[in-house]
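Chemist: Below is the structure I would like to discuss, written out as structure tokens.
Read the figures in this text as sums done on the coordinates, not as results from a lab. All values reported here derive from a predicted model rather than from experimental measurement. Reconstructed Cβ throughout: ideal geometry from the backbone, glycine too, with neighbour counts over all protein chains shown.
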Amino acid sequence: MESIKKLKFEKNLRSGKFAVTCEIGPPKGAGVEEIREAAGYLKDVADGINVTDLQSSVMRLGSLATCHLLKEWGLDPIFQVTCRDRNRLALQSDLLSAYVLGIRNVLALTGDYTTIGDHPQAEPVFDIDSVQLLWVIKNLEEGKDLAGKELTQKPSFFKGAVVNPGADTEASYELQIIKMKKKIDQGAQFFQTQAIFDAEVFKRFMERVHKENIDVPILAGIILLKSEKMANYMNKFIPGVFVPEPLVKKMEGTMDKVSMCIEIASRLTEEVKPYCAGVHIQALGWEKHIPAVVKNLK
Amino acid sequence: MILTEFKPVEELLEKLKEEKKIFIMGCGGCPEGADTGGKAVLTDMKGELEKEEKTITGILEIDFLCQKALIRSRIKPRMDEIKNADSVLVFSCGLGVQATSAVIDKVCYPALNTITFGGITGMWQGTERCDTCGNCILDYTGGICPYTACPKKLENGACAGQSNGKCEVDPERDCGWELIYNSLKRIGKLDILNKFIPPRDYSKILPSASLRKTRLWALDEEEIV
């Protein structure tokens with residue numbers, strides 16, 4: 001039954017309702033109490049929950065197992081799959097594994113490089129790239145693996161990809177657009193963007209997207225800004241993320257970081273809402289504040 | 001000696017499908033030893049392509065295509081023939097295709113796949129790098145190898161990790177895709193980037209036993225023993 005029924009995230013996004021996705025980062029270790037708690041906060045506010053795949057190249061509990069737990073807890077997980085750690089055999093196998101566990105949403109990513117993480121000695125795999133990963137999924141859905149061999153049963157996924165609206169050079173910006181179109185050609189059905197803090201940047205990006213006749217739903221990435229320290233860190237180290245000075249000053253000038261964080265994220269959500277299909281909110285441990293951010297949306 | 005093999009004819013003709021006028025360049029170094037170069041090979045290719053109703057605007061063999069200064073000096077008297085062509089077909093290793101692409105503002109199609117460096121790297125004096133992977137796609141990437149210029153070996157465009165044109169892996173290093181984009185922009189061929197590139201065939205990275213039997217490879221083995 002579940003193989004044909006559309007799950008919450010896909011159903012809501014397709015219905016045209018402004019969608020909210022959130023994110024859970026699996027723990028370093030076998031203790032899942034924290035993510036169970038986070039899932040509790042998100043259950044009623046999120047249409048789908050991304051589960052990161054060894055984010056920032058740090059060894060953690062796996063995305064697939066965590067997606068399975070989220071499903072058991074009544075949420076609709078979005079299985080993030082990167083190409084950093086698995087070759088094409090393992091990727092195809094994990095996609096089939098996800099399907100038999102009832103996981104229907106997949107987000108295809110290239111992945112961070114190994115040396116930025118906590119196992120910099122690890123071999124970076126990158127057997128295929130994110131566009132090719134979508135192509136791989138398309139092949140599986142057509143009942144064939146990459147070697148052209150028949151599958152006993154075809155899986156089916158709601159397939160997503162990412163794009164960075166804040167690329168800072170002509171080449172990188174144009175390549176984001178080109179790659180976005182290639183991802184759509186290979187089956188991407190929704191996009192989540194790199195975190196934005198400046199609604200104008202996002203607006204300009206969406207104008208370009210419309211000019212390119214791209215009509216795939218796009219969810220604007222929003223990170224909960226916890227402090228000015230975090231803003232400065234991201235400005236310095238996270239490519240494509242830029243926190244404008246007024247926001248940094250606002251965080252600096254307040255004793256009540258939580259209220260300011262909610263205010264900034266809520267306003268940003270309101271500002272981008274007319275231009276996109278939803279928001280993808282990354283709370284990075286502050287999941288309990290997400291209901292306050294989205295309460296006016298519902 | 002750098003060992004190369006011919007790309008399958010069907011693959012080459014598919015690549016050249018839209019090209020009407022072609023200038024053929026060959027390296028007189030390693031390909032001659034690997035039986036993938038030399039005047040006879042270049043002339044044969046001219047005949048093959050003429051059968052496909054393509055015009056060959058000229059043929060030029062240069063001793064070492066991996067040396068940009070040498071290419072620059074040797075193409076000077078032949079610029080009319082080169083300018084008259086839509087693109088260039090290059091019989092050399094990946095380094096030679098990269099060096100040729102850097103010097104000539106045309107799409108340079110690799111006619112060969114590079115199999116192995118086989119011990120030495122010819123007259124190579126540039127910044128180019130070849131992965132000797134047997135899957136050459138340098139025509140698609142503006143003469144810059146995505147496997148060596150990008151640490152993630154991305155084939156379909158940049159990741160989001162670049163910052164001001166530099167790589168997320170090493171801020172001193174140029175983003176390979178930034179270079180690829182700028183190279184294709186220089187020759188007015190950005191539309192090439194819309195093409196989907198399927199995953200690389202890793203089974204071609206190790207040279208086959210039969211390829212190891214070429215004359216110079218065997219000689220090289222002799223010397224080691």
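Chemist: Which value in deg cm²/dmol, rounded to the nearest 500, describes the helix-derived mean residue ellipticity at 222 nm for the protein assembly as shown, given -39,500 (n - 2.57) per DSSP H run of n ≥ 4 and division by the residue count?
Modeler: Estimated from H runs of four or more residues: -10500 deg cm²/dmol.
Chemist: Something else now. For each of A:TRP73, A:TRP135, count neighbouring Cβ atoms within 10 Å of the residue's Cβ, then give the residues from fewest to most.
Modeler: A:TRP73, A:TRP135
Chemist: Something else about it: Want the number for B:LYS20 to B:MET79: 0.36 nm per residue separation, take away the alpha-carbon distance, what's left?
Modeler: 19.5 nm
Chemist: Follow-up question, since we're still on this one. How far apart, in nm, are the 7 Å Cα→Cβ label points at A:ASN87 and A:ALA147?
Modeler: 1.2 nm
Chemist: Over the alpha-carbon set of chain B, divide Rg by the Kirkwood Rh and report the Rg/Rh ratio to two decimals.
Modeler: Computed over Cα atoms, the ratio is 0.96.
Chemist: Fewest Cβ neighbours within 10 Å first, please rank B:ASP170, A:ASP47 accordingly.
Modeler: Lowest to highest Cβ neighbour count: B:ASP170, A:ASP47.
Chemist: Counting only other chains, what is the mean number of Cβ atoms within 10 angstrom of the Cβ of each residue in peptide B:180-191?
Modeler: Across B:180-191, the average partner-chain Cβ count within 10 Å equals 2.
Chemist: Here is a follow-up. Measure off 7 Å from each Cα along the Cα-to-Cβ vector at B:ASP174 and B:ARG129, then give the distance between these two points in nanometres to one decimal.
Modeler: Each label point is offset 7 Å from its Cα along the Cβ direction, giving 1.4 nm.
Chemist: Another question, then. On average, how many beta carbons from a partner chain sit within 10 Å of the beta carbon of a residue in B:195-203?
Modeler: Mean partner-chain Cβ count within 10 Å for B:195-203: 4.
Chemist: Another question, then. For A:ASN232, what is the net charge nearby, where nearby means another residue's Cβ is under 11 Å from its Cβ and Lys, Arg count +1, Asp, Glu -1?
Modeler: -1
Chemist: If you take the alpha carbon radius of gyration of chain A and divide it by 2.2 N^0.38 Å, what ratio comes out, to two decimals?
Modeler: Rg over 2.2 N^0.38 Å, computed on Cα atoms: 0.97.
Chemist: Evaluate peptide A:165-173: per residue, the Cβ atoms of other protein chains within 10 Å of its Cβ; return the mean as an integer.
Modeler: 6
Chemist: Can you check what the net charge comes to around A:GLY278, using other residues whose Cβ is under 11 Å from the Cβ of A:GLY278 (Lys, Arg +1; Asp, Glu -1)?
Modeler: +1
Chemist: Per-residue HN-Hα couplings for the stretch B:50-57, Karplus 6.51 cos²θ - 1.76 cosθ + 1.60 at θ = phi - 60°, whole Hz, x for Gly and Pro?
Modeler: Per residue, the Karplus-derived 3J(HN,Hα) values read 5, 4, 8, 6, 9, 9, 9, 7 Hz.
Chemist: Counting GluC sites (Glu not before Pro) as exposed when in a DSSP loop with at most 15 other beta carbons within 10 Å, what is the longest stretch of chain A free of them?
Modeler: A:3-141
Chemist: If each residue of separation counts as 0.36 nm, what is the full-extension length gain between B:ASP44 and B:GLU11 once their alpha-carbon separation is subtracted?
Modeler: This chain segment gains 10.2 nm when fully extended.
Chemist: What do you get for GluC sites (Glu not before Pro) in the stretch B:82-183 restricted to DSSP loop and a cutoff of at most 10 other Cβ within 10 Å of the site's Cβ?
Modeler: Here the GluC sites (Glu not before Pro) that fit, given the DSSP loop and packing criteria, are B:GLU172.
Chemist: Report the Cα-based extents of the stretch B:3-130 along its three principal axes, largest first, to the nearest Å.
Modeler: Cα spread of the stretch B:3-130 along its principal axes, largest to smallest: 39, 30, 22 Å.
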